[in-house]
Amino acid sequence: MEFKILGSLEIWADGVRVRLAGSRQERLLAMLLLNANTVVPIGRLVDAVWGERPPATAGRQVRNLAAGLRRSFTEAAGGRVADLISTDGPGYRLTLQERKLDAQVFAAHLACAHRAQRAGEHALAVGEYRAALDLWRGPALGGLADGNRQAGRPLTAGAVGLDEQRLACWENCLELELGLDRHREVVPELSALVAEHPLRARFTAQLMLALQRSGRQADALDLYRRLAARLCEELGLDPAPELQLLRQRLLRTEG
């Protein structure tokens, strides 16, 4: 069986998608997947499923939900799957082989990218970063935790952490591509990222550089002006120091 959390939660068995019996089962499985191959205490599972106001019977319901997941997995695999979910001391463990969870594959590509980058093999590193990014289908867990009153903090924190890893991966990849003189090619992608994450300084700096190196200095400076106005109006802040320094560099070049 294969599991996906880099986007909406999905389970696949022999090319067929497995459907679960409701959002509580989904949240329980999501928490186990975020902590694959480690024991998750029942208390944390309760928090992930119900949040701050669990029912008095939450512990028993967690055991029932786990039993339901086992049945779903066994039925989907025609009885050929080992017991992936096991009781282990104070909680439950979901045991997965390598490359059965997209987040694990993502982490493996990141590790390869970091090794290649440290070795100075930047084109190879970009390929690994791109392979990692290609695994994503949307925000981690597809909103299963975000904005859901019943989703507990551990589930939300896990999804946010994965989303942050994705953005950092994107930043590192684009930084290397700028170093490989692919500034014109990355302008559309960076423009979309800045529109989606307008307050993320590194994306803005990268887009300013890409525009300037593409002969669009005026557009780069206009991007800074628009960001500065938005920060002042909405947050009462100035742009990050790195952006201010970059603006000064561009102004000196313009002069």
| note | Among helices (runs of 4 or more DSSP H) entirely within the stretch 87-188, at least 3 residues that are at pLDDT below 95 occur in 153-179
| remark: Conditions (1) within 21 Å of the chain's Cα centre (by Cα); (2) of a type outside the set (S, T, N, Q); (3) modelled with pLDDT of 95 or more; (4) buried (at least 20 other Cβ atoms within 10 Å of the Cβ) -> MET208 fails only (1)
| field | Qualifying residues in the stretch 222-249 (those that are crowded, with 17+ Cβ neighbours inside 10 Å and not small (Gly, Ala, Ser)) - the one nearest to HIS197 (Cα to Cα) | value | LEU227
| message | Looking only at the stretch 44-71, count every residue that is in contact with a Lys or Arg (Cβ under 8 Å, 6 or more places away or on another chain) and polar (S, T, N, Q) and tell me the total. | response | 1
| field | Options ARG153, ARG202; residue that is surrounded by fewer than 16 Cβ atoms within 10 Å (Cβ to Cβ) and either among the basic types (Lys, Arg) or touching a Ser or Thr at 6+ places or on another chain (Cβ under 7 Å) (or both) | value | ARG153
| message | For the stretch 75-97, which positions are free of Cβ contacts under 8 Å to residues at least 12 places away in the same chain and within 14 Å of GLN25 (Cβ to Cβ)? | response | GLU75
| field | Residues of the stretch 29-74 classified as under 21 Å from GLU98 (Cα atoms) and touching a residue at least 40 places away in the same chain (Cβ under 8 Å), total | value | 14
| message | I'd like to verify a number: residues in the stretch 192-248 that are basic (Lys, Arg), part of a helix (DSSP H, G or I) and closer than 17 Å to LEU178 by Cα, how many? | response | 2
| request: Answer yes or no as to whether ARG99 is of a type in the set (D, E, K, R) and at positive phi. | output: yes
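The values are calculated or read from the model by the stated rules, or taken from the named source; none is laboratory data. Not measured: the values here are computed from a predicted model. Glycine gets a Cβ as well: all are built from the backbone with ideal geometry, and neighbour counts include every protein chain shown.
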